[in-house]
Each structure stands twice: as C-alpha cells, then as structure tokens.
1. If ALA338 passes every condition in (1) at negative phi; (2) modelled with pLDDT of 75 or more but one, which one does it miss?
2. In region 272-294, which residues are surrounded by fewer than 16 Cβ atoms within 10 Å (Cβ to Cβ), part of a helix (DSSP H, G or I) and touching a residue at least 40 places away in the same chain (Cβ under 8 Å)?
3. Filter region 371-389 down to residues that are modelled with pLDDT of 90 or more and open to solvent by 30 Å² or more (accessible area, probe 1.4 Å) and give me whichever is farthest from MET273 (Cα to Cα).
4. Among the residues of region 43-87, write down those that are at pLDDT 75 or above, part of a helix (DSSP H, G or I) and open to solvent by 80 Å² or more (accessible area, probe 1.4 Å).
5. I'm trying to understand the selection: among the residues of region 227-264, which are farther than 20 Å from PRO313 by Cα, at pLDDT below 90 and among the hydrophobic types (A, V, I, L, M, F, W, C)?
6. Residues in region 401-422: is at least one open to solvent by 20 Å² or more (accessible area, probe 1.4 Å), more than 31 Å from the chain's Cα centre (by Cα) and modelled with pLDDT of 90 or more?
Amino acid sequence: LAVGLGRLGLHRSELDLRKIVKAGDKDLDGQLDFEEFVHYLQDHEKKLRLVFKSLDKKNDGRIDAQEIVQSLRDLGVKISEQQAEKILKSMDKNGTMTIDWNEWRDYHLLHPVENIPEIILYWKHSTIFDVGENLTVPDEFTVEERQTGMWWRHLVAGGGAGAVSRTCTAPLDRLKVLMQVHASRSNNMCIIGGFTQMIREGGPRSLWRGNGINVLKIAPESAIKFMAYEQIKRFIGTDQEMLRIHERLLAGSLAGAIAQSSIYPMEVLKTRMALRKTGQYSGMLDCAKNILAKEGMAAFYKGYIPNMLGIIPYAGIDLAVYETLKNTWLQRYAVNSADPGVFVLLACGTISSTCGQLASYPLALVRTRMQAQASVEGAPEVTMRGLFKHILKTEGAFGLYRGLAPNFMKVIPAVSISYVVYENLKMTLGVDSR
C-alpha cells in the first residue's frame, strides 16, 4: 500500500497505513484486497461528504476560516481565525483560502478517521428518552457545555421532562407493578380489569400511587449518574471527548450501578407505595418507618441483585441497537446532512429502549416481586434463583413477562411527552439546540 500510494505521490505514515488496512480489512486476514480497498474508499468518502456538508454553514460548497472557527466552537474547541487559516492552508491547493469538496476529499480520503466528532455530537443518545426505567446510559457533554454550565441546564430540562412524562404515564406504570406481583394463571389480570380494580379500591387518585417518590428520585439519580460517569471516563483515561461505544457501555453501566445503589431504597419505597391499599400508609415517611420497624434495614435492598444484573443487558442492547439503527440510516438514507433529524432519533431511541427492556424484563419482574415480598400477607422469603424457578414451574416462560403490555404501552407516549417538555424547558432555560 505504501509503495502504491508513493507512486501516486500520496505519502502516508506507517501508522496511517495500518489504520487504513485495519478499517478496510473485512475478512480479518491482515491484508486489503481490491474489493476491500474500494469499499473502504467509498464508505470513507461518504462520511467525509457528510462532515463537509455539516461544516459548510453557508451552504455554498466551500468552507472558509469563519466556518471552521464556528464548527470547532460547536464542538467545544475555541481557536482564533489565524489558527483556522493555518488549517485552511494545509488543504487549500489553489490559494483561494477556502476549501471546496475536491480539496477536502483529496486531503482526507487517505487520512483514516476512526471518530468523526461532528457526527457523534449530532448523534448523542439524548436524555430525553426517559421511559421511567432508570437504566439509560448518561448523556455526554462537550468541554464548552461543561465550562459554561449548560450541562446542568440539560440535566434540569431532562429531569423536568422525565417528571412530566412519568406522571402522565403513572397509571400504566402502577398497573405494570400490580400485574408483575399479583397476576398469575389463576388471577389473569387484564389491562381494563386492572384499571377497574384500582379505581374501585381507591378511586381515580389511586392510579398515581407511588408516582410521588418515582418523580422525587429523578434528581438525585441523574446527578449521581452524571458525576459517576464523568469520573469513570477520566479513570478509563481516554483522550477522546466522546467515548467509543464499548467504553460508553462500560462507563454507563458502572455509573448506572453506582446511581442505582445510592437511591435503591427509594425504588423499594416506590414499589411498596404502588402496591399499598387505601389507608395502609399515611405517606412515604410512614411507609419507610413501617418497613424499618417490621423488616429492618435489609428490606430496603430487596431485589438489589436482579436490579444490578438488569443494567448490563438493558444498557448494552439499548446502546447497540441505537448505534446500529443510526448507522443503517446513515448508509442508506443520509445524502446531504450529518443530522438524522429528530424523528429518526426518536424512532431509534424508542426502538432501542424497547429492545433493552424486553431483554431485561424478567430480571425487572423478579426484582419487583422481591421488593414486594413482605407487602403480601404470609408470603415466604424467596431468593432470586428460587423465584425464577417458581415462576417457570408454575407459570412457564410467559410468567416472566407479566405486565409487559402496559410497560410497552407507555413507551411511545413517555418518549413523545418527554421530547415536547424537554424542548420547551430547553428554550426556557436558554439552552441552544444543535
């Protein structure tokens, strides 16, 4: 490759050449055949065109120094116009101090780029996708967003959006919890029957039992998750502002585990409040006192192990599906822009979140039953393994998915409500949308 490119007058470092071979080597034989090289050039050229379009702010087919300054500023990197002109000179062949598509392509085509930050920034997995499962991987913020304090505005907007969407979908969430704990072959609770039962027992207000603490725990969990995520990123020691997918999965899963460990007693309280009968507790504090007096401190960590185990498949599948859908969209439909658009992002987020929940749902069901054990009169203490065996023996594999229907029914309205509230709160707080 070095000799061939040298004959064309294109000299590249050994490191660059190794990266090209690694990026294009589909059959992993350590060599590039003609088809692999052509495929690499086509794929890389398409990515470069997307970045060129996103840098070309004036949409005139040329990039000037001001556009480079603005684009880098959007990425959190501040440079002077003189520094931008130096960047231009390295690519400018005809002395116009602007770069057209051909100059951009010729300069970058054989410079392998593993991480195109502009595309990644457009494709951040946003905090707006809150369906009340508390397992999402934290959002990432640029240096500029951290320095200017925009990060906390994003978190406040995301928290407010989560609070509104959870409140709007709380009846479905409470129905899910009731079906997870009480539904069985002998008590085949349906959606309409479940709502009727709740209203008959405690009136329309009973549909929102447990929602208060569900909303209250958004703020501490989001803050702990964000702080833990930032520290773990530093510990990983990456020199990239945006993590690669496997690094993000590791950092996100660990940050989620730390945040969940910190607020887990609130999870148990939420389940108990959702399952309580009318008049059983006067409020959250009364519920906490009763649990502490009757069952001890250990009761606040019932179901902790299946909850922690559930984070890994949820976060992993959520991220993997999200990235796969975005990349598929890029390959097939992206022509003139690196921005997939809000509807594509919403669709990717909804589908990936749904797939993640589907994979982790049996663990979520076992966690909820363990959290609820002492709230059911005469119920024996059962381990996670014992519960899995009991459910499979008495109800079959279907029993591990009790309450799945109301859980999935709330995904689309929760994401839609989150998005609308998130965008309005961002405008109110003065957060610029990308």
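1. Every listed condition holds for ALA338 apart from (2).
2. If the condition is that a residue be surrounded by fewer than 16 Cβ atoms within 10 Å (Cβ to Cβ), part of a helix (DSSP H, G or I) and touching a residue at least 40 places away in the same chain (Cβ under 8 Å), then LYS294 is the only one that fits.
3. LYS389
4. ARG49, GLN66, GLU81, GLN82, GLN83, LYS86
5. Those that are farther than 20 Å from PRO313 by Cα, at pLDDT below 90 and among the hydrophobic types (A, V, I, L, M, F, W, C): MET227, PHE235, ILE236, MET242.
6. There is no residue in region 401-422 that is open to solvent by 20 Å² or more (accessible area, probe 1.4 Å), more than 31 Å from the chain's Cα centre (by Cα) and modelled with pLDDT of 90 or more.
The values are calculated or read from the model by the stated rules, or taken from the named source; none is laboratory data. It should be emphasised that the depicted structure is a prediction, and the values quoted were computed from it without experimental measurement. For neighbour counting, all protein chains shown are included, and Cβ atoms are generated from backbone atoms with ideal geometry for every residue, glycine included. Calculation scope for accessible area: heavy atoms of the full protein, side chains included, ligands and nucleic acids excluded. Shrake-Rupley method; radii C 1.70, N 1.55, O 1.52, S 1.80 Å.
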